[in-house]
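The values are calculated or read from the model by the stated rules, or taken from the named source; none is laboratory data. Keep in mind that this is a model prediction, so the values were computed, not measured. Here the Cβ is made from the backbone with ideal geometry for all residues, glycine too, and neighbour counts use every protein chain on show. Note: accessible area is taken over every heavy atom of the protein model, side chains too, but ligands, DNA and RNA are not part of it. Shrake-Rupley method; radii C 1.70, N 1.55, O 1.52, S 1.80 Å.
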Amino acid sequence: MKRRDFAIGLSAAPFFATGANARLTPARDAWPIDRGRGDFAPAARAWDDARGAAAKAIGQTDAFLIIQNDALVLERYGPDHGPATRHIGWSMTKSVTQALVGAAVAQGRIDINRPLMVVARPDPKLTLRALLTLTDGLKWDEGDYNPASSDAAKMLFGPGRLDCAAYAAAKPQAFPPGVRWNYSTGSFVLAAAELQARLFPGARGPIERRATMAKWMRASLFDPLGMTTALPEFDAAGTFGGGSFLYASARDFARFGELYRLDGVWRGRRILPKGWVKFARTPTVEPTYGAGFWLEAKAGAKPPSLMGGAGPTDAFSAQGHNGQVTLIVPSKAAVIVRLGLMDDGDAAWKALGAWLTPVVGALPDATSL
């Protein structure tokens, strides 16, 4: 499906994690626990359904939690999962890459409107802004993830796997930047590569490139949010897999969602520049996509939004292959995280949206909290 990444066995890709175990890490939790003041019966029923009648449609649900008004009000885990368990985010990583670019903007270290360094002789309008909004116009076929034809599969697990950014950067300019929207994992790999090139132009060799970037990511985003489980992976050339490869616990994905619900401010500290969350939530050519995030839309939108027009239209989300979702609902002061393993077809995503919609609808509005 063009909207999300492809999952082939990770052993096929020469990516390197910057931490030890990719599943478990000690938890350091700062969430206040609150039983909530809303109706959480639909959420409890949804969890029961996920292990029963709904399982056929939405697959395996490994983690499900709700943060409301900066408190943990519901948390459930499947077998072999818990608060400290890392889970791959797949394309939710694209949203994290958008945040990393925002952190660099807040630090005054990059300008997203400058022509790219990592593409030879780029169109002057081929910028980080174009990459983050998927309007770069580079020739790219996300496709059906057939390893013989999909650019995403070729880049991540085929001939491009040793240097993913080089594979994406070699694509010709098919359309002028800003004119056409096209879902592309390659765009966010290039965004990560551009960020690294701007931040650390003197880094030499894959080991130094990985080390400098990983240290900056932790200091600029993960540590301030308390995302102790966040584990990025880098390819053999030392480039962060900014379109697909970040692991984290459900609680840490919720922390990330809260940063966006709170307009880029965490515990009184501004992490993202003013206007960055608005940038993430503003559609460009595609009405259901902003910059690194999927947007809710009215019923009938093509492609349909996660809740198909049945949920609050201010909601926006990070979404990843196999049903990974971090759903941010400002009007409910809420963040909902669902991690699992499901089919990636339209029917499964429609079912997942239908599973989430009554949970969101039952939450009290932010004004009543």
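Details
- Residue list for segment 185-210, filter: more than 19 Å from Met92 (Cα to Cα), in contact with a strand residue (DSSP E or B) (Cβ under 6 Å, 6 or more places away or on another chain) and open to solvent by less than 10 Å² (accessible area, probe 1.4 Å): none
- Filter result for Pro115 (surrounded by fewer than 24 Cβ atoms within 10 Å (Cβ to Cβ), at pLDDT below 95, within 28 Å of Val277 (Cα to Cα) and touching a strand residue (DSSP E or B) at 6+ places or on another chain (Cβ under 7 Å)): no
- Whichever residue in segment 111-125 is in contact with a Pro (Cβ under 8 Å, 6 or more places away or on another chain) and of a type outside the set (A, V, I, L, M, F, W, C) and, among such residues, is farthest from Pro176 (Cα to Cα): Pro115
- Summed over segment 214-252, residues that are assigned to a helix (DSSP H, G or I) and not hydrophobic (A, V, I, L, M, F, W, C) total 7.
- Of the criteria (1) more than 19 Å from the chain's Cα centre (by Cα); (2) farther than 20 Å from Gly143 by Cα, which one Lys302 fails: (2)
- Which numbered condition Arg338 fails, given (1) more than 25 Å from Ala130 (Cβ to Cβ); (2) at pLDDT below 95: (2)
- Residue-level analysis places Gly345 outside the set of residues that are among the small types (Gly, Ala, Ser) and touching a Ser or Thr at 6+ places or on another chain (Cβ under 8 Å).
- Answer from Met213, Met217 - the residue that is open to solvent by less than 10 Å² (accessible area, probe 1.4 Å), without any contact (Cβ under 8 Å) to a residue 60 or more places away in the chain and either under 24 Å from Met155 (Cβ atoms) or touching a strand residue (DSSP E or B) at 6+ places or on another chain (Cβ under 8 Å) (or both): Met213
- Segment 352-369 residues that are at pLDDT 95 or above and of a type in the set (Ser, Thr, Tyr), paired with ones that are in a helix (DSSP H, G or I) and loosely packed, with under 15 Cβ neighbours inside 10 Å (beta carbon under 6 Å, 6 or more apart): none
- Of all residues in segment 154-167, those satisfying the criterion of being out of contact with any Asp or Glu (no Cβ under 9 Å at 6 or more places or on another chain) and open to solvent by less than 60 Å² (accessible area, probe 1.4 Å) are Lys154, Met155, Phe157, Gly158, Ala166.
- Selection count where residues are in contact (Cβ under 8 Å) with a residue 24 or more places away in the chain and within 15 Å of Ser95 (Cβ to Cβ), scope segment 280-313: 9
- All positions within segment 220-257 that are open to solvent by 10 Å² or more (accessible area, probe 1.4 Å) and among the basic types (Lys, Arg): Arg251
- Subset of segment 99-110 (residues that are open to solvent by less than 40 Å² (accessible area, probe 1.4 Å) and either within 20 Å of Pro176 (Cα to Cα) or out of contact with any strand residue (DSSP E or B) (no Cβ under 9 Å at 6 or more places or on another chain) (or both)): Ala99, Val101, Gly102, Ala103, Ala104, Ile110
- Checking each residue of segment 175-184 against the condition of being surrounded by fewer than 21 Cβ atoms within 10 Å (Cβ to Cβ) and without any contact (Cβ under 8 Å) to a residue 40 or more places away in the chain gives at least one match.
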